[in-house]
Structure formats: C-alpha cells, structure tokens
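One structure is given here, and the rest of the page talks about it.
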Amino acid sequence: MYRINQIKERLSLPCFISFLKASPLLLVFFVSSNALYAKDLKEYYIEVIVFEQLEITQEEDLSPVLLDLKSKNLISLLERQANKINTEAVEKSFEAKVSGDLLNNLEIIDLDSPSIIEPDDAKEEKKYILKTDKWFERNDQLKELNNIYRRLDRRNEYKVLHKISWIQPALPDEETPYVHEIFDTHGLLIRLYQSRYLHLDLIGYMNGNLESNQNEEQIELIKFTALQESIPEDVEQIDIPVSSDLLYLESIPEKIEITGEKNKEQAPKITEGMVEYILREDRRVFQNESHFFDHPKMGIIVSVYDSSL
C-alpha cells in the first residue's frame, strides 16, 4: 500500500515521461486490467465503416488534393493482446492425485442463494468505471453498425473499404489526437473530442501514400493522466497494485538505456502527399447515434455510443 503523496511524488510528470518512452513494459503497473473511477471523463465505443461509392452522379471538381499531416497530432490503434493459456500448467493439473478422504469430506453448497436486492440509495452511489486497458485497442468487430455493414457489402453500387472499432475517452479538444487508420492506399483520420458538446473531427482520403508513427507513448500518457486524475485530493491512502520491478526502484530514472529492437531508429514517415479524393468535416454529434459523412466518391459511417451500454 502506498500513501497518496508517495504515489504522486514517484509519478511526477517530467521524469515519468522520459521513463515512459524508455520502458513501456513497466507501465503494466498503471494500465493493466485496473479500473479507474471516472470524474468528468467519459469513454465511448467508436465504430467506423468506410466505403467507396462506385456510381458518381454529381458533377463536382474531384481533382487531387495535397494533404499535409505534419502539424497534426497522430496516433495509431494498438493491436489487441491475445489471451494465452498455459497449456503445460493445465496438463499438470490433471496429473495431480486427490485422496478419497478429501472428496468425502466436501460439503454441498447451495449455489442458488436468494438474490440480494440493493436499496435505491446504494444504486445511486455506484460509480462509473473506466477500463483504460482497452483504450485505443484495435477491434475489427462491429456491434451497432454490423447490420449496415452487411447491407452495404451486398450492394453493387458500394464497395466496403474498411471497418474498425475501438474504445477511447472523450478528451478536451486540444488534448485529443487523431487516430490515423491506413487501409490499402486509403486512410482515415478521426478524433472524438469534448468541448461544450461532443464533436467528431474527420478526414478521409483515397489513393494516397501517407504514413505516420504509432505514438504508443502518447496513448500511455493519456492512460497515465487518467490514473493521476482519478486519485481524489482528500484521500490519504489507497491500494494500488504495482509491478515488483517498480517497488525495488530507488526512484524512477530520468533516462534509461535502451538496447535491442527498441534502440533502432524509426524510418521517416510520409506525412505529406497528394490524395485523389478527400473528405473533411468537423461536426457536433450525439452519443448513441450513427453519423454519416458523405462525399461523391466515398462515404464514412461512424457510431459513437456509451461504453456502459
């Protein structure tokens, strides 16, 4: 158990950021399956379908456009971590011998115990919980938009280019990065942010050769900030599970030497280039609704709904 002032001292932001970039594995301490209590922060499921409209009926100027991403704050979705089963441990468990006396002395437990009805006051006191370990994690399955996806996929006048979903918090405008999703020679930049109202800022493009860095450090920083803000100021001590590696550190080092794969410099990314078609829009949206962004050559459908649903 750590006292709050110890937590805040050890997680001071300047040294933590340099440590964060060098040692992402140790961040399991902050963002593993821990749940955070939300204050004003809300998280949403986002589902996206991008499709090409094969029949252009409008006579518009669809000349190639220069798209410059250098000044934009970009991240890429994280790959989902596959659940691994320790098959060796499972096999050994079947080899264990259990004595007959142990089985004979087992008590029969009634599992159908009467359900406990909570009073209304207790229900109101329940807090909404944020599960940061799932934030910005790539998922190719759709829930709300699955029926629309199936109908589009059957129509001859449309060609589905991409479908994707993930969970993220709704941050203030200036703190919200674009999620940059690339599929074939096409791409999508999308950010959900909270100002006075909820907004979707979206850029979709077709036939362009653009790339960007993954910026996993920024995603972890967003999770870390959520952890920091989840600790009430008036709490004197709190149970926070930590990595054993972190417990034995004198302090979080300002610099850590990185060896192996992490030490390789990333190849420069292509953040500026011509795209054949582009769709740009920033609009106010309502949660638990689907939103259609239209273009003569492409269409994008986005669903934003509460993660608690």
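Residues in the range 146-184 that are assigned to a strand (DSSP E or B) and of a type in the set (A, V, I, L, M) were compared, and the one that is farthest from residue 214 (Cα to Cα) is 160. Write out, first by first residue and then by second, each pair whose Cβ atoms fall under 6 Å of each other, whose residues are 6+ apart or on separate chains, and whose first residue, in the range 125-136, is in a helix (DSSP H, G or I) and exposed (fewer than 14 other Cβ atoms within 10 Å of the Cβ) while the second is modelled with pLDDT of 60 or more and not hydroxyl-bearing (Ser, Thr, Tyr). Short answer, once both residue conditions are applied: none. Scanning the range 40-69 for residues that are part of a loop (DSSP other than H, G, I, E, B) and under 23 Å from the mean Cα position of the chain (by Cα), we see that the one that is farthest from residue 208 (Cα to Cα) is 40. The single residue among 157, 175 that is among the acidic types (Asp, Glu) and out of contact with any Leu (no Cβ under 9 Å at 6 or more places or on another chain) turns out to be 175.
The values are calculated or read from the model by the stated rules, or taken from the named source; none is laboratory data. Note that this is a predicted model, so its numbers are computed, not measured. Glycine also receives a Cβ, built like all others from the backbone with ideal geometry; neighbour counts cover every protein chain displayed.
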